[in-house]
């Protein structure tokens, strides 16, 4: 049976962690599921919760807070599946979308699938902060221009890769924080991997609810896009 590796970076997600695990467990898929948690030195009860899942799933506890990008890279090292997807530990993204996202890769049609928040629905559905939305769209267009890969949602969490694609991309990865999104996209382009987008559901959360990306990450994103597309 084919296997789906689900990489779940965790940082201070005690309020949603058990619920997202339940949602992932409840999804009925024609493949085996491998859950890989990478805790980025959470300071809340996230680690306490994850200790209870150690015997059941792969759980990696980092001894230094290094950022989402580093956690994703660490998760890539643990996968044994034929396909891998990145899943945030919040409730913004719905695991019910897994089957549609992994199917083109299992069928051998493409190497990579991105789940777009802006296809098949109102383009701002689920968006909480409009200024952040418009800045994200600017960053997306900059990435499209420099990478030559034209996407509607480069910053989506739901990025799905074949094991072969990860083996090609992983040795190049350097990002520690949110630069991981433009970096992954840049390498998809440089390595000429087949990619497609599919619509997904999305429900954005507020900073009060735990959203972590901020304006400093937005400014840094411009450099990340230029760096990984031009200088990598």
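A short reminder: the numbers here are calculations on the coordinates, not readings from a lab. Values in this document were obtained by computation on a predicted structure and should not be read as measured data. We place every Cβ from the backbone using ideal geometry, glycine too, and count neighbours over all the protein chains shown.
Could you order the peptides 103-111, 159-167 from most to least packed, using the average number of other C-beta atoms within 10 Å per residue?
Highest mean packing first, the order is 159-167, 103-111.
Suppose R0 equals 35 Å; then what is the FRET efficiency for residue 230 and residue 134 from their Cβ-Cβ distance, rounded to the nearest 0.05?
Using R0 = 35 Å, I get an efficiency of 0.90.
Among 48, 92, 78, which comes first, then next, by fewest other beta-carbon atoms within 10 Å?
48, 78, 92
Between residue 25 and residue 63, what FRET efficiency follows from the Cβ-Cβ distance if R0 is 25 Å, with the result rounded to 0.05?
Taking R0 as 25 Å, the efficiency between residue 25 and residue 63 is 0.35.
Using Cα pairs closer than 8 Å and at least 6 residues apart in sequence, work out the relative contact order for the range 72-204, in percent.
Value for the range 72-204: 41 percent.
Given q = 0.16 Å⁻¹, what are the Debye log10 I(q)/I(0) values for the range 2-144, with equal point scatterers placed on the Cα positions and solvent ignored?
Computed log10 I(q)/I(0) values: -0.97.
Enter the Cα centre distance for the pair the range 133-206 and the range 9-81, rounded to the nearest angstrom.
Answer, in whole Å: 21.
Would you mind telling me which residue in 190, 58, 216 has the biggest mean-square fluctuation in a Gaussian network model of the chain, where springs connect alpha carbons within a distance under 10 angstrom?
The residue that fluctuates most here is 216.
For each of 137, 117, count neighbouring Cβ atoms within 10 Å of the residue's Cβ, then give the residues from fewest to most.
137, 117
Over the chain, calculate the relative contact order: mean separation of alpha carbon pairs under 8 Å at least 6 apart, over the residue count, as a percent.
Once normalised by length, the contact order is 23 percent.
Using only DSSP helix segments of four residues or longer, with each worth -39500 (n - 2.57), what per-residue ellipticity at 222 nm results for the chain after dividing by its residue count and rounding to 500?
Roughly -11000 deg cm²/dmol at 222 nm, from the helical runs in the chain.
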